[in-house]
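The values are calculated or read from the model by the stated rules, or taken from the named source; none is laboratory data. Because the structure is predicted, anything quoted here is derived from the model rather than measured. Note: ideal-geometry Cβ built from the backbone for every residue, glycine included; neighbour counts use all protein chains shown. These area figures cover heavy atoms from the full protein model, side chains too; ligands, DNA and RNA do not enter into them. Shrake-Rupley method; radii C 1.70, N 1.55, O 1.52, S 1.80 Å.
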Amino acid sequence: MAKYTLIASRDAFESKESERFCALAGDLKRAGNEVTLFLVQNGVLCARPSHVASELSKLAQEGVAVLADSFSLRERGIASDRLAAGIESAQLDVIVDHMAEGRRVIWN
Amino acid sequence: MADQKTLTFSIMDGPYENARTVTALRLIDIAARRGYNINVFAYEGAVSLSFAKQAAHANPVHGHDIDEEDHPLPKEWVSSLIKTAEANGGKVDWINCGLCVDERGVTESVDGTRRGTPADLWNAAASSDGTLVIGTK
């Protein structure tokens, strides 16, 4: 089992790549890997409850850790206690932790 | 340091263009505060981040002089990251892609940075605990 951290920086309402990137997170998880999906910059916009966020909530139910950068949330006026189910606010330090741990960290 | 990690970041965006630069520098800052050894491979527009001739300016449209404008300069952020790592027992090896530097004429860069080639990125990644490539698109 490998450990992956996928960093999603794009607004899912503007880019289809975000959808494919989230699908990759699910595929990696279902293949038996440990997966974190970290939302940053405009990527956090889809952490608000919506039809897009419901897909992220499903990933969380499947065991993907879905995190949203607290700084990016504050920049955009999104309260950390108003996120869709399964999505948690987190510090950017998580990425550095995972890099130091030797996880495969991928940016999109 | 018993648990000194080495991380490599590859960045591509030029200054003032994209939030990716801010996020990259935030990540490097976190690693610097931990005293990690950090390799940064800057290529394409990112080689301008450490360009030494960046200059603050006044803003006559807003009626601000230089001090009031307090214009942020990426070269100062780069220098600050290098000093932060050193103060915490780590170091930053900031490598600017030489081809990208020459193409843009940004041949003077701040102290603590150097020219290199893509082979430096390969070597840095091979000797690091973790590598993150933040590409532009």
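Measuring nothing but protein heavy atoms, the accessible surface of the stretch A:3-107 at 1.4 Å probe radius is 47 percent carbon and sulfur. In the context of the full set of protein chains, residues of chain A present 47 Å² of accessible surface per residue (probe radius 1.4 Å, heavy atoms only). Between B:Ala56 and A:Glu62, the simple spin-label model (points 7 angstrom out along Cα→Cβ) gives 5.1 nm.
In the stretch B:26-45, burial by the other protein chains removes 50 Å² or more of 1.4 Å probe accessible surface, compared with the chain on its own, from B:Arg26, B:Leu27, B:Ile30, B:Arg34. Ignoring lysines fewer than eight residues from A:Lys29 along the same chain, the ones with Cα atoms less than 29 angstrom from its Cα are A:Lys3, A:Lys16, A:Lys58, B:Lys5, B:Lys137.
Based on protein heavy atoms only, the stretch B:6-134 ends up with 47 Å² per residue of surface accessible to a 1.4 Å probe. The apolar share of the surface of chain B, taken as the fraction of accessible area on carbon and sulfur atoms (1.4 Å probe, ligands and nucleic acids excluded), comes to 52 percent. Pop the C-beta distance of A:Arg82 and A:Lys3 into the FRET formula with R0 = 22 Å and round what comes out to the nearest 0.05. In this case the efficiency is close to 0.15. Accessible-area rank, largest first, for A:Phe71, B:Phe51, A:Phe21: A:Phe71, B:Phe51, A:Phe21, with all protein chains present and a 1.4 angstrom probe.
For the chain pair B and A, the interface hides roughly 1600 square angstrom of accessible area in total, found with a 1.4 Å probe. Going from the chain on its own to the full set of protein chains, the stretch A:91-108 has these residues losing 10 Å² or more of accessible surface (heavy atoms, 1.4 Å probe, no ligands, DNA or RNA): A:Leu92, A:Asp93, A:Ile95, A:Val96, A:Asp97, A:Met99, A:Ala100, A:Gly102, A:Val105, A:Trp107.
Mean Kyte-Doolittle of at least -1.0 and a Cα length of 27 Å or more along the axis: which whole DSSP H helices of chain B meet both? In chain B, no H run is both long and hydrophobic enough. Each helix, a run of at least 4 DSSP H residues, gives -39500 (n - 2.57); summed and divided by the residues of the protein assembly as shown, these come to -11000 deg cm²/dmol at 222 nm.
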